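Please read the structure below before turning to the comments.
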Amino acid sequence: MTSVSPVVIAATARHTATLIFFHGLGDTGHGWASSMSAVRLPHIKVICPTAPTMPVTLNAGFRMPSWFDLRTLDPSGVEDEEGIKKAAEMVHSLIAQEVAAGAAIGNRNTPLLQCHGNCDPIVPYRWGQMTASYLKQFMTQTEFKTYGGMMHTSCDEEMSDMKKFIEKVLQP
C-alpha cells in the first residue's frame with residue numbers, strides 16, 4: 001500500500017476554516033484540487049488527501065487509489081472492516097492535525113452536504129439515499145441533493161451548490 005501527500009491549498013486571507021475533501025475510488029486529491037479551489041472562499045484552507053494505492057478486489061485486484069478494499073457491490077457482502085478502520089484513523093489524524101493547529105472542534109451539529117446523480121451506473125442512486133438515511137442517525141444537519149440525469153461524475157449545478165453550501169456554513 002502506497003500513499004501520497006495531500007494537496008493543501010492555503011487560505012489567501014486570515015485562515016478561519018478548513019475543508020477536507022475525500023475523492024472516490026480510483027481518483028486522487030490532485031484530481032479534485034482545482035475544483036475545490038474554485039469553490040472555496042479566501043479564508044478557507046482546503047486539504048485534498050489521496051487514498052493509498054492498493055489492490056481492489058472488485059476490480060480484479062488492480063492497484064488503484066482506494067480508502068479501503070471494495071470486495072463486492074452486493075449490499076449484504078463482506079466489508080473490509082480493517083481497511084475501513086484504517087481509513088477512519090487517517091481521517092481522524094487529518095482532523096487532529098487541524099485541531100492542533102488551532103481549528104475549532106466540530107460536533108454532530110456540523111452540517112453535511114451529500115450530492116448524487118440519479119442516473120449513476122457505478123454507485124446506484126438508492127445507495128446514496130441509503131447513505132443519507134444512515135447519516136441522519138448520527139448527524140442533525142444533513143442535506144441530500146439529487147441531480148437529474150447526472151451519472152458517475154460532477155456537474156456545474158453540483159459545484160455551484162457546493163459553493164453555496166460552503167459560503168453558508170464556513171463564514172469568515
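Bear in mind that the values in this text are calculations on the coordinates, not laboratory data. The shown structure was predicted, so the numbers you read here are calculated from the model rather than taken from an experiment. Positions of Cβ are generated from backbone atoms using ideal geometry, with glycine treated the same way; all protein chains shown enter the neighbour counts.
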When segment 123-169 is checked residue by residue, the ones that are without any contact (Cβ under 8 Å) to a residue 12 or more places away in the chain, aromatic (Phe, Trp, Tyr) and either within 19 Å of residue 20 (Cα to Cα) or touching a strand residue (DSSP E or B) at 6+ places or on another chain (Cβ under 7 Å) (or both) are none
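Take segment 86-128 and flag every residue that is under 16 Å from the mean Cα position of the chain (by Cα) and of a type outside the set (A, V, I, L, M).
Residues of segment 86-128 under 16 Å from the mean Cα position of the chain (by Cα): 86-95, 110-117, 123, 127-128.
Correct list: 86, 89, 92, 93, 110, 111, 114, 115, 116, 117, 127, 128.
Counting just the residues of segment 127-156 that are over 18 Å from residue 40 (Cβ atoms) and of a type in the set (D, E, K, R), which one comes out surrounded by the most Cβ atoms within 10 Å (Cβ to Cβ)?
At the first step, the residues of segment 127-156 found to be over 18 Å from residue 40 (Cβ atoms) are 127-153, 155.
Among the residues that remain, those that are also of a type in the set (D, E, K, R) are: 136, 143, 145.
On the way: 136: 13, 143: 12, 145: 16.
Among them, the one singled out is 145.
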Here the residues within segment 95-116 that are within 22 Å of residue 154 (Cβ to Cβ) and buried (at least 16 other Cβ atoms within 10 Å of the Cβ) are 112, 113, 115, 116
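Condition first: under 16 Å from the mean Cα position of the chain (by Cα) and either among the hydrophobic types (A, V, I, L, M, F, W, C) or at positive phi (or both). Now tell me which residues in segment 140-154 satisfy that.
Start the filter on segment 140-154 by keeping residues that are under 16 Å from the mean Cα position of the chain (by Cα), which leaves 142-145, 152-154.
Answer for segment 140-154, where residues must be under 16 Å from the mean Cα position of the chain (by Cα) and either among the hydrophobic types (A, V, I, L, M, F, W, C) or at positive phi (or both): just 144.
Among the listed residues 121, 172, which satisfies the condition of being within 19 Å of residue 41 (Cα to Cα) and assigned to a loop (DSSP other than H, G, I, E, B)?
Numbers: 121 fails: within 19 Å of residue 41 (Cα to Cα).
172 is the lone residue from the list that is within 19 Å of residue 41 (Cα to Cα) and assigned to a loop (DSSP other than H, G, I, E, B).
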Counting only strands (runs of 3 or more DSSP E) entirely within segment 15-88, those with at least 2 residues that are over 26 Å from residue 160 (Cα atoms) are 44-56, 62-65
